[in-house]
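Presented below is the structure to which this report refers.
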Amino acid sequence: MSSSQSADTNAAPVTPAATPTPPKNQRLRTIGSGLLIAVLIAGGWWFYQYKTHGQYVQSTDDAYVQADAVTVAPKISGYVEEVLVKDNQEVKAGQPLVRIDARDYRAQVAQAKASIDVAQANAEASRAQGHEQDAAIAQAKAQLSSAQAQAEFASAEMRRFAALVQTGAEPAEQLAIKRNQEQQAARQLAAQRANLQAVERRVSAINAQVKQALAQAESAQAQRDAAQVNADAAVITASTDGRVGDRTVRVGQFVQQGTRLMSVVPMDKLYISANFKETQIGPMRAGQSVDIRIDALPGTRLKGHVESIAPGTGAQFSLIPPQNATGNFTKIVQRVPVRIALDVDAATRQVLVPGLSVVVEVNTREAAGNRPETVSAKGAQ
């Protein structure tokens with residue numbers, strides 16, 4: 001082996017040069033630049049969303065699903081004979097819900113019918129008496145006419161004989177007879193007049209009896225109608241379509257008039273009552289679209305629209321409205337109820353029930369140009 005080969009064999013192997021690592025500050029600058037760019041992009045996106053959408057959205061979580069539930073209460077008092085529905089049952093308008101024992105009211109109907117029959121019979125009897133008195137009046141008038149004719153004839157005879165007696169053609173005794181006949185005819189005439197007046201008074205009394213009997217019949221008719229209404233009210237029916245809730249009535253229970261028995265909730269007429277701050281309702285208008293998130297349906301967004309805005313804050317319609325004309329005044333942000341209609345299908349409505357918590361977002365963009373103009377203090381001066 002040559003010396004050159006031996007030198008090559010003993011020489012150390014050559015290693016490649018290591019790549020220099022960047023300094024730590026340079027890595028931090030790279031990360032910071034990336035974060036800054038991400039923040040700027042996110043901020044720009046947020047600003048874009050706010051200018052195009054976010055600034056027009058008014059939201060609140062003080063909102064709940066509601067329905068105008070109908071309280072079922074009896075018009076009459078009595079013992080519950082039958083309960084025809086179960087808890088949470090779907091019912092239709094006019095469907096029987098509760099039946100109350102109506103035997104007392106049916107007895108009142110029968111009694112009123114009997115009173116009607118009696119009053120009508122009295123009226124017919126009085127009418128028959130009136131017809132009889134009509135004949136008596138005709139007879140009395142005829143007798144009065146005859147008596148009046150006899151009285152006139154007797155007066156004429158007395159005057160004629162008085163003239164004859166003065167001339168000596170007739171004796172004075174005949175004049176006395178004629179005078180007596182005249183007086184008798186006058187008395188008969190007066191008697192017939194009194195008889196006619198008595199008959200007419202009897203007719204008036206009979207007519208009054210007829211009117212009284214008819215009035216009694218009408219009163220009995222009204223009593224029968226009222227009793228029939230009460231008897232019909234023994235069957236309590238649903239006034240609207242809906243679902244039975246809060247059923248407290250039981251068979252055998254004695255219920256008073258107006259006692260709450262149950263409620264019928266119209267599930268097809270659900271709506272949302274949202275309480276917005278007074279600083280939020282300025283741009284709100286009826287018809288604006290609403291995004292709805294319900295806690296019971298996580299991840300689901302529903303649609304709706306503003307139906308109406310209350311004519312006052314919630315405090316104004318409280319049992320005791322606040323009176324701020326006192327020395328101790330603290331300004332509190334008021335809330336205004338807003339009614340929101342649900343634009344959902346029937347299947348979704350079946351899932352919703354009154355009382356559920358809701359978060360609503362009202363898009364007021366279409367009303368942005370319709371806000372009331374403000375006048376500055378200088379302009380007002």
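Taken together, the values in this text are just the output of simple stated rules run on the coordinates, not laboratory data. Only a predicted model underlies this, so the values are computations on that prediction, with no experimental measurement involved. As a convention, Cβ positions derive from the backbone with ideal geometry for all residues, glycine included, and neighbour counts pool all protein chains shown.
Observations, loosely collected:
- Which of I340, I320, I309 has the fewest Cβ neighbours within 10 Å, and the rest in rising order: I320, I309, I340
- Working note: Karplus 6.51/-1.76/1.60 with θ = phi - 60° gives the stretch 106-112 the couplings 5, 5, 5, 5, 5, 5, 5 Hz, where Gly and Pro are set to x.
- Contour minus Cα-Cα distance for R202 and E278 (0.36 nm per residue): 19.3 nm
- Global geometry of the stretch 103-232, whether rounded, prolate or oblate, following the gyration tensor of its Cα atoms and the 1.5 cut on a/c: prolate
- Ranked by how many other Cβ atoms sit within 10 Å of their own Cβ, fewest first, the residues T240, T300 fall in the order T300, T240.
- Using the Cα coordinates of the stretch 231-343, the gyration tensor eigenvalues translate into equivalent-ellipsoid semi-axes of 36, 25, 13 Å, sorted from longest to shortest.
- Charge tally in the Cβ shell below 14 Å around Q111, where Lys, Arg are +1 and Asp, Glu are -1, Q111 excluded: +1
- Segment V359-L28, extension gain: residue separation times 0.36 nm, minus the distance between their alpha carbons: 114.9 nm
- Coil-residue trypsin sites (Lys or Arg not before Pro) of the stretch 280-353, DSSP, other Cβ within 10 Å capped at 16: R285, K331
- Computed over neighbours whose Cβ is under 10 Å from that of V358, the net charge equals -2, Lys and Arg +1, Asp and Glu -1.
- S59-D345 FRET efficiency (beta carbon distance; Förster radius 22 Å; 0.05 resolution): 0.35
- Counting neighbouring beta carbons within 10 Å and listing from fewest to most, the residues D62, D232 come out as D232, D62.
- Fully extending the segment from A42 to F317, taken as 0.36 nm per residue of separation minus the present Cα-Cα distance, adds 94.5 nm.
- The Cβ shell under 10 Å around A310 holds other residues with a net charge of +2, Lys and Arg each +1, Asp and Glu each -1.
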